[in-house]
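J.: Below is one structure. I have some questions about it.
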Amino acid sequence: MTIQQSTDLTHAAMLGLGVHRPARVVTNDEVCEVLDSSDEWIQTRSGIKTRRFAGEDETLIGMSISAAEKALRAAGVGAEQIGCVIVATSTHPEHTPASAPQVASALGITAAAFDISAGCAGFCHALNLAASMVRAGAESHVLVIGVEQLSRFMDPTDRGTAFIFADGAGAVVVGPSEAAGIGPTAWGSDGSQAHVITQTPSCIGGHAGREGADHPVVQMEGTAVFRWAPFAMAKVAHEALDLAGVSVDELDAFIPHQANLRITQTLAKNIQLPDSVAIATDVVDSGNTSAASVPLAMEAMLRKGEAAAGDTALLIAFGAGLSYAGQVVTVPPLAQE
Ligand code: UT7
């Protein structure tokens, strides 16, 4: 007996991008109303000036739907064409069910839908899964969403996290294309550093937990990440470039996970990016939105004219796990408002 399978190999690309930025802008001064810190310290150490927190009427699923609708519009793809929905998140408030089927259902999609958890690297992991599915002919169009509502999972008095993390969503439609628009992914993990970024039930009401918190809060050994990321990720960046057969001089944009402006700057230096490469700095306005940060940063660059659809960009994301993933991509078009 022969099991039938697709033998059609095709190119995959991001066909459209959409985002949801919560309406509420939160300044450093507002964060410091309960946090023992200052606007000056936060800007100097992280580059962050503002971030956005979801309001009462903005849920993780609602933000995902909003971003996805724009991505579908930008791609010119109908919901009925989507064969799989992947949501990358660490802040869906329920273990079960996953958020993706509810997002899919609201969009009128009954295709396969599931969540993945790879911390701040979630979007770049999901992009690899989606591109692999499309390339292999398993599905023609896959919706990828990176979304977080970290404001719900933070201790606002924790000096290591309260000023960094934020909320938002970004989505792309991955589908077939004439030329490759998503290069092979350089990815990996280092579970020996699992303790560096955690979100465990034992935090509830614990020494760094919020008394009466209904969800576990994020805890981070920021300095450990800071020592690791700019150096380890430079190697991953070069691996992704080599896999794609693209040199640093051929890049138009560098869109890393928006963890901290200093990490981005040190990483860019370590990769030896030429001055001609535009560098995403959305962390300044949006804070660290974990799995949503790469698509949000891509949208900010397109909106500000720092990058254009069709440009060649290097994506790199890293975080809890520790886990990381990076790929060279063609920047997709943005939905017109
Ligand atoms: O997205 C997932 C991955 N996460 C990241 O990429 C985050 C990476 N890490 C970071 O962004 C940085 O480590 C932080 C921004 C979190 C912290 O910056 P840092 O330069 O590593 O600061 P530090 O923790 O080494 O603290 C430096 C000083 C200390 O004071 P002394 O010992 O030098 O007197 C801290 O007590 O700053 C003090 N400090 C603060 N002061 C004001 C620590 N946190 C704060 C604070 N406000 N929030």
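The values are calculated or read from the model by the stated rules, or taken from the named source; none is laboratory data. These numbers were taken from a predicted model, which means no experiment stands behind them. Here Cβ is always computed from backbone atoms with ideal geometry, including for glycine, and neighbour counts include all displayed protein chains. Just the protein is used for accessible areas: all its heavy atoms, side chains included, with ligands, DNA and RNA removed. Shrake-Rupley method; radii C 1.70, N 1.55, O 1.52, S 1.80 Å.
J.: Within the stretch 224-242, restricting attention to residues that are more than 20 Å from the chain's Cα centre (by Cα) and within 12 Å of the ligand (Cβ to nearest atom), which residue is surrounded by the most Cβ atoms within 10 Å (Cβ to Cβ)?
T.: The extreme case among them is A224.
J.: For V77, only one of the following conditions fails: (1) touching a strand residue (DSSP E or B) at 6+ places or on another chain (Cβ under 9 Å); (2) free of Cβ contacts under 8 Å to residues at least 60 places away in the same chain. What is its number?
T.: Evaluating V77 over (1) touching a strand residue (DSSP E or B) at 6+ places or on another chain (Cβ under 9 Å); (2) free of Cβ contacts under 8 Å to residues at least 60 places away in the same chain leaves (2) as the failure.
J.: Got a number for residues in the stretch 25-54 being within 22 Å of the chain's Cα centre (by Cα) and among the small types (G, A, S)?
T.: Within the stretch 25-54, residues that are within 22 Å of the chain's Cα centre (by Cα) and among the small types (G, A, S) number 3.
J.: Moving on to the next point. If you go through the stretch 112-124 one residue at a time, do you hit one that is in contact with a helix residue (DSSP H, G or I) (Cβ under 7 Å, 6 or more places away or on another chain) and open to solvent by 40 Å² or more (accessible area, probe 1.4 Å)? Please lay out each step first, then the result.
T.: Of all residues in the stretch 112-124, those in contact with a helix residue (DSSP H, G or I) (Cβ under 7 Å, 6 or more places away or on another chain) come to 113-116, 118-120, 122-124.
Next, only the ones that are open to solvent by 40 Å² or more (accessible area, probe 1.4 Å) stay: 114-115.
Among the residues of the stretch 112-124, at least one is in contact with a helix residue (DSSP H, G or I) (Cβ under 7 Å, 6 or more places away or on another chain) and open to solvent by 40 Å² or more (accessible area, probe 1.4 Å), which makes the answer yes.
J.: Applying the selection to the stretch 243-261, what residues are open to solvent by 50 Å² or more (accessible area, probe 1.4 Å) and in contact with a Ser or Thr (Cβ under 9 Å, 6 or more places away or on another chain)?
T.: L243, D249, E250, D252
J.: Kindly provide the set of residues from the stretch 66-92 that are assigned to a helix (DSSP H, G or I) and surrounded by 22 or more Cβ atoms within 10 Å (Cβ to Cβ), ordered by number.
T.: Within the stretch 66-92, A67, A68, K70, A71, L72, A74, A75 qualify.
J.: Taking the stated definitions as given, is V277 buried (at least 18 other Cβ atoms within 10 Å of the Cβ) and either β-branched (V, I, T) or more than 22 Å from L15 (Cβ to Cβ) (or both)?
T.: Answer is yes for this residue.
Each row is one residue, and each column tells you yes or no for (1) open to solvent by 10 Å² or more (accessible area, probe 1.4 Å); (2) within 16 Å of the ligand (Cβ to nearest atom); (3) farther than 22 Å from I86 by Cβ; (4) part of a loop (DSSP other than H, G, I, E, B).
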| residue | (1), (2), (3), (4) |
| --- | --- |
| R152 | yes, no, no, no |
| V172 | no, no, no, no |
| G188 | yes, yes, no, no |
| S192 | yes, no, yes, no |
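J.: Oh, and also: Can you name the residue in the stretch 15-38 that is assigned to a strand (DSSP E or B) and open to solvent by 10 Å² or more (accessible area, probe 1.4 Å) and, of all such residues, is farthest from the ligand (Cβ to nearest atom)?
T.: It comes out as L15.
J.: State which residue is most open to solvent (accessible area, probe 1.4 Å) when the search covers only the stretch 297-333 and only residues that are of a type in the set (A, V, I, L, M), part of a helix (DSSP H, G or I) and away from the ligand (no atom under 13 Å from the Cβ).
T.: So in the stretch 297-333, the residues of a type in the set (A, V, I, L, M) come out as 297-298, 300-302, 307-309, 313-317, 320, 322, 325, 328-329, 331.
Now narrow it down to the ones that are part of a helix (DSSP H, G or I): 297-298, 300-302.
Then drop every residue that is not away from the ligand (no atom under 13 Å from the Cβ), which leaves 298, 300-302.
Values: M298: 1, A300: 4, M301: 3, L302: 29 Å².
Here the residue is L302.
J.: Of the conditions (1) within 19 Å of T330 (Cα to Cα); (2) open to solvent by 10 Å² or more (accessible area, probe 1.4 Å), G160 satisfies every one except a single condition; which number is it?
T.: (1)
J.: Given the criterion under 30 Å from M154 (Cα atoms), out of contact with any helix residue (DSSP H, G or I) (no Cβ under 6 Å at 6 or more places or on another chain) and outside any strand (DSSP E or B), identify the matching residue among V246, V284, V294. So that I can check it myself, show each step before the final result.
T.: Numbers: V246 fails: under 30 Å from M154 (Cα atoms); V294 fails: out of contact with any helix residue (DSSP H, G or I) (no Cβ under 6 Å at 6 or more places or on another chain).
Selected residue: V284, the only one of V246, V284, V294 that is under 30 Å from M154 (Cα atoms), out of contact with any helix residue (DSSP H, G or I) (no Cβ under 6 Å at 6 or more places or on another chain) and outside any strand (DSSP E or B).
J.: Go through the residues of the stretch 125-136 one by one and say whether even a single one is closer than 21 Å to R45 by Cβ, within 16 Å of the ligand (Cβ to nearest atom) and either in contact with a strand residue (DSSP E or B) (Cβ under 9 Å, 6 or more places away or on another chain) or without any contact (Cβ under 8 Å) to a residue 24 or more places away in the chain (or both). Break it down stepwise before answering.
T.: To start, the set of residues in the stretch 125-136 that are closer than 21 Å to R45 by Cβ comprises none.
Among the residues of the stretch 125-136, not one is closer than 21 Å to R45 by Cβ, within 16 Å of the ligand (Cβ to nearest atom) and either in contact with a strand residue (DSSP E or B) (Cβ under 9 Å, 6 or more places away or on another chain) or without any contact (Cβ under 8 Å) to a residue 24 or more places away in the chain (or both), which makes the answer no.
J.: So, in the stretch 2-14, exactly how many residues are open to solvent by 50 Å² or more (accessible area, probe 1.4 Å) and either farther than 10 Å from G137 by Cβ or touching a Leu at 6+ places or on another chain (Cβ under 8 Å) (or both)?
T.: Residues meeting the conditions: 4.
J.: Among the numbered criteria (1) open to solvent by 30 Å² or more (accessible area, probe 1.4 Å); (2) touching a Ser or Thr at 6+ places or on another chain (Cβ under 8 Å); (3) in contact (Cβ under 8 Å) with a residue 24 or more places away in the chain, which single criterion is violated by R45?
T.: Status for R45: all satisfied but (2).
J.: Considering only residues that are outside any strand (DSSP E or B) and within 16 Å of the ligand (Cβ to nearest atom), look in the stretch 48-65 and name the one that is surrounded by the most Cβ atoms within 10 Å (Cβ to Cβ).
T.: Ranking the qualifying residues of the stretch 48-65, first place goes to I48.
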